[in-house]
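What follows is one structure encoded as C-alpha cells, with my remarks underneath.
The values are calculated or read from the model by the stated rules, or taken from the named source; none is laboratory data. This structure is a prediction, so every number in the text was calculated from the model and none was measured. Reconstructed Cβ throughout: ideal geometry from the backbone, glycine too, with neighbour counts over all protein chains shown. Areas reflect the complete protein model, heavy atoms only, side chains present, ligands, DNA and RNA absent. Shrake-Rupley method; radii C 1.70, N 1.55, O 1.52, S 1.80 Å.
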Amino acid sequence: MADAVPGLLSADWAGLAEGGPDGHALVHCSLAAGPEPELPDLAPLRPRAFTAPDGTQYAICPIGGPEDGAWVLVVARKDAPPFHRTEVFRLAQLVGAAEAVLGGRGSGTKGIDLVRTS
C-alpha cells in the first residue's frame, strides 16, 4: 500500500510507521522517500493532514483499532499544497479496505505481517 499511495494522492512518498517508546519510526517506505526520512511527531493519531516545521505536507491514517495505535500510514509531499480533506478521507478509505482484507476493522493488526516484502 505504501508503494501505491503516492501515485493515488499526488505525493512524493509514503511509508508505514511503527510506534515505540521513542515515537514512530518508518519500517517501510516507497522508493522516492530516499534514505531514512525523518518523521515529525504524528500525534494525535487520527486521519488528518498537517504541515511539518520544514514545510513538508503530511497526511496520516492509523491502521487498526485504538489498541493498535502503533501502526500509521504516512504520506508526504514537498513544495506542494496541503492535503485536502477529501484526500485524507480517501486515505482513510484505503486503509479501511486494507484492514477489511487483512482481518477486519477493529480486530487489530496483531499477527498480520504489515511489511511483507514478497
Worksheet item: Just one of His84, His28 is within 23 Å of Gly7 (Cβ to Cβ) and either at pLDDT 95 or above or hydrophobic (A, V, I, L, M, F, W, C) (or both); which is it?
Response: His84
Practice prompt. Out of Leu9, Leu26, report the one residue that is among the hydrophobic types (A, V, I, L, M, F, W, C), open to solvent by less than 40 Å² (accessible area, probe 1.4 Å) and touching a residue at least 40 places away in the same chain (Cβ under 8 Å).
Written response: Leu9
Worksheet item: Quick check, is Glu18 under 10 Å from the mean Cα position of the chain (by Cα) and surrounded by 13 or more Cβ atoms within 10 Å (Cβ to Cβ)?
Response: yes
Worksheet entry | Residues (open to solvent by 60 Å² or more (accessible area, probe 1.4 Å) and more than 14 Å from the chain's Cα centre (by Cα)) located in the range 38-59 | Thr51, Pro53, Asp54
Discussion item. Let me spell it out: the conditions are (1) touching a His at 6+ places or on another chain (Cβ under 8 Å); (2) of a type outside the set (Gly, Ala, Ser); (3) under 25 Å from Gly103 (Cβ atoms), and Leu39 meets all of them except one. Which number is the exception?
Written reply: (3)
Discussion item. Just to be sure before I move on: is Asp113 in a loop (DSSP other than H, G, I, E, B), loosely packed, with under 13 Cβ neighbours inside 10 Å and modelled with pLDDT of 85 or more in the structure I sent?
Written reply: no
